[in-house]
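Scroll down for the structure; my scribbles are underneath it.
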Amino acid sequence: MKNVDRSKTICFLVLLMVVIGAGSCSQKNPPSSEPTAKPVASIPAKTSALVREQVAKTYGLDGFAQVEAIRYTWNAQFPGVNVSRSWIWEPKTGRVSYEGKDKDGKSVKATYVRSQLNNQPENVKNEIDPAFVNDNYWLLFPLHAYWDSSADVQDKGTQPLPQGNGSADLVSVKYPSDGGYTPGDTWDLYVDKDNRVEQLVYRRGGTKKPSLVIASWEGYKKAGPLLISMDHNGTADGNKIRIFLSDVAVKMTGSENWVSAQ
């Protein structure tokens with residue numbers, strides 16, 4: 001899988017797309033069905049492969065095949081800026097429904113299939129779908145780290161937390177230096193003994209800002225089989241930032257009812 005008022009807001013959009021490099025580097029062509037996990041045998045470090053799988057299982061890997069649709073709103077707060085984007089994603093078909101606002105504050109809605117992205121209007125290809133990737137990685141990054149075949153995942157052992165006191169197991173996820181929106185990005189996951197991400201450090205591979213994002217993973221809730229961190233607080237190049245999810249729900253195979261995160 002694979003970029004709100006110009007001036008400060010357009011800069012903020014760049015800030016909020018820190019995850020895009022991860023998604024687009026791994027899958028240049030959007031999948032038409034649910035992501036396929038990389039075989040563990042093809043990952044160089046056996047211990048890293050095990051950690052990758054354990055963390056993904058904690059976040060709902062085993063039950064993901066039963067998820068027909070995921071609904072969520074991605075929200076971000078940065079000094080002077082508030083952004084909200086609402087999504088419904090059907091992973092088996094690649095169908096995406098979006099509701100948000102354009103750079104002039106006007107409401108925008110779009111529905112498209114990601115495998116047919118080339119046939120979509122320019123705003124879908126250049127604005128909405130990249131935003132979808134960004135927001136979906138904040139929603140499900142531990143699963144994407146497992147699915148993404150191009151990612152080099154290394155278990156670096158116990159390390160001090162980047163924010164506050166304490167320590168956790170550092171699992172570093174690095175993407176290739178070519179391809180995608182922001183190639184060469186690195187995500188450092190600080191994982192606790194229960195295989196939950198406590199904090200995350202993002203380092204951009206290119207020259208665009210932000211270069212460094214540090215954020216907590218907290219406010220955990222379950223939506224069907226999925227474990228979701230609803231709240232992320234931290235800094236982007238030293239500036240305070242909050243990214244949080246709301247209205248998270250899943251629709252399971254054989255049911256027409258949404259199961260809300262709780």
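The values are calculated or read from the model by the stated rules, or taken from the named source; none is laboratory data. Since the structure is predicted, the reported quantities are computational estimates derived from the model, not experimental observations. Cβ placement follows ideal geometry from the backbone for every residue including glycine, while neighbour counts extend to all protein chains displayed.
Quick rundown of the values:
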{"read-out": "Within region 246-262, tally of residues that are over 21 Å from residue 85 (Cβ atoms) and in contact with a strand residue (DSSP E or B) (Cβ under 9 Å, 6 or more places away or on another chain)", "value": "7"}
{"read-out": "Total residues in region 206-262, condition of a type outside the set (A, V, I, L, M, F, W, C), part of a loop (DSSP other than H, G, I, E, B) and surrounded by 19 or more Cβ atoms within 10 Å (Cβ to Cβ)", "value": "2"}
{"read-out": "Odd one out for residue 153 among (1) more than 22 Å from residue 49 (Cβ to Cβ); (2) surrounded by 19 or more Cβ atoms within 10 Å (Cβ to Cβ)", "value": "(1)"}
{"read-out": "Scope region 176-196; condition under 21 Å from the mean Cα position of the chain (by Cα) and modelled with pLDDT of 90 or more; matching residues", "value": "186, 187, 188, 189, 190, 191, 192, 194, 195, 196"}
{"read-out": "Odd one out for residue 168, checked against (1) surrounded by 20 or more Cβ atoms within 10 Å (Cβ to Cβ); (2) in a strand (DSSP E or B); (3) among the hydrophobic types (A, V, I, L, M, F, W, C)", "value": "(1)"}
{"read-out": "Hey, residue 62 in a helix (DSSP H, G or I), surrounded by fewer than 15 Cβ atoms within 10 Å (Cβ to Cβ) and modelled with pLDDT of 95 or more or not", "value": "yes"}
